[in-house]
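The values are calculated or read from the model by the stated rules, or taken from the named source; none is laboratory data. Just so it is clear, the model here is predicted, and its values are computed rather than measured. For neighbour counting, all protein chains shown are included, and Cβ atoms are generated from backbone atoms with ideal geometry for every residue, glycine included. To get the accessible areas, we keep the full protein, side chains included, count just its heavy atoms, and leave off ligands, DNA and RNA. Shrake-Rupley method; radii C 1.70, N 1.55, O 1.52, S 1.80 Å.
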Amino acid sequence: MAGVPEVIIRLESLFSKFPGIGRKSARRIAFHLLDKERDEIIQLAKALVDLKDKVTHCPVCNHITEQTPCDICANARRDDSILCVVEDSLDVIALEKSVSFRGKYHVLGGLISPLDGIGPDDLAIDSLIKRLDNVKEIIIAINPSVEGDTTTFYLSRLLKDKPIKITRLARGIPIG
Ligand code: ZN
């Protein structure tokens with residue numbers, strides 16, 4: 001593209017792959033970064049690499065974490081017998097902010113969606129079943145949608161013979 005440095009074009013194409021970022025916004029971000037001090041750019045680049053190197057998934061609940069197990073799983077004051085099952089880590093963060101839930105979580109890492117080729121084996125359902133020994137109650141906090149309802153139905157059926165009380169959060173999760 002005439003008059004546009006190659007590196008700007010490269011950044012634009014990278015930024016425009018982000019959720020909610022179109023080509024115009026991508027260009028605006030690239031120009032915004034151009035005005036930043038070198039130190040700030042290095043901090044940003046380092047944070048991006050750290051995101052990939054340091055953030056992993058908790059082996060117990062599948063929530064994102066920098067330590068294993070995550071701080072929620074490691075907290076002995078939280079109730080092991082109540083699990084709240086959610087779609088992704090954003091739901092955990094939203095619930096932690098909005099409600100005083102004292103149990104623990106299980107992050108599925110997505111929803112069952114046959115059209116997208118996502119089945120139960122692609123989600124953290126095996127690890128959920130493996131941690132049910134002391135669990136008395138499961139709260140399924142999955143937003144209503146075709147995929148959400150399919151996943152909730154699948155889980156309810158899977159758990160129906162176990163001595164566990166299943167509750168569904170009726171109005172979904174208030175995000176934001
Ligand atoms: Zn955890």
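Examine segment 28-44 for a residue that is within 16 Å of the ligand (Cβ to nearest atom), more than 20 Å from K130 (Cα to Cα) and of a type in the set (D, E), and state whether such a residue exists. Within segment 28-44, not a single residue is within 16 Å of the ligand (Cβ to nearest atom), more than 20 Å from K130 (Cα to Cα) and of a type in the set (D, E). Once segment 150-162 is narrowed to residues that are free of Cβ contacts under 8 Å to residues at least 24 places away in the same chain and surrounded by fewer than 15 Cβ atoms within 10 Å (Cβ to Cβ), the residue that is farthest from the chain's Cα centre (by Cα) is D161.
Scanning segment 50-104 for residues that are open to solvent by 90 Å² or more (accessible area, probe 1.4 Å) and near the ligand (Cβ under 9 Å from one of its atoms) gives H57, P59, T68, D71.
Within segment 128-147, the set of residues being open to solvent by less than 60 Å² (accessible area, probe 1.4 Å) and either part of a loop (DSSP other than H, G, I, E, B) or touching a Gly at 6+ places or on another chain (Cβ under 8 Å) (or both) comprises R131, L132, V135, E137, I139, A141, I142, N143, S145. If you go through segment 118-127 one residue at a time, do you hit one that is touching a Gly at 6+ places or on another chain (Cβ under 8 Å) and touching a residue at least 60 places away in the same chain (Cβ under 8 Å)? Looking for residues that are touching a Gly at 6+ places or on another chain (Cβ under 8 Å) and touching a residue at least 60 places away in the same chain (Cβ under 8 Å), one finds at least one in segment 118-127, hence yes.
Every residue in segment 105-132 that is out of contact with any Leu (no Cβ under 9 Å at 6 or more places or on another chain), more than 16 Å from the ligand (Cβ to nearest atom) and of a type outside the set (A, V, I, L, M, F, W, C), please. Hits for segment 105-132 are S113, P114, D116, G117, G119, D121, D122.
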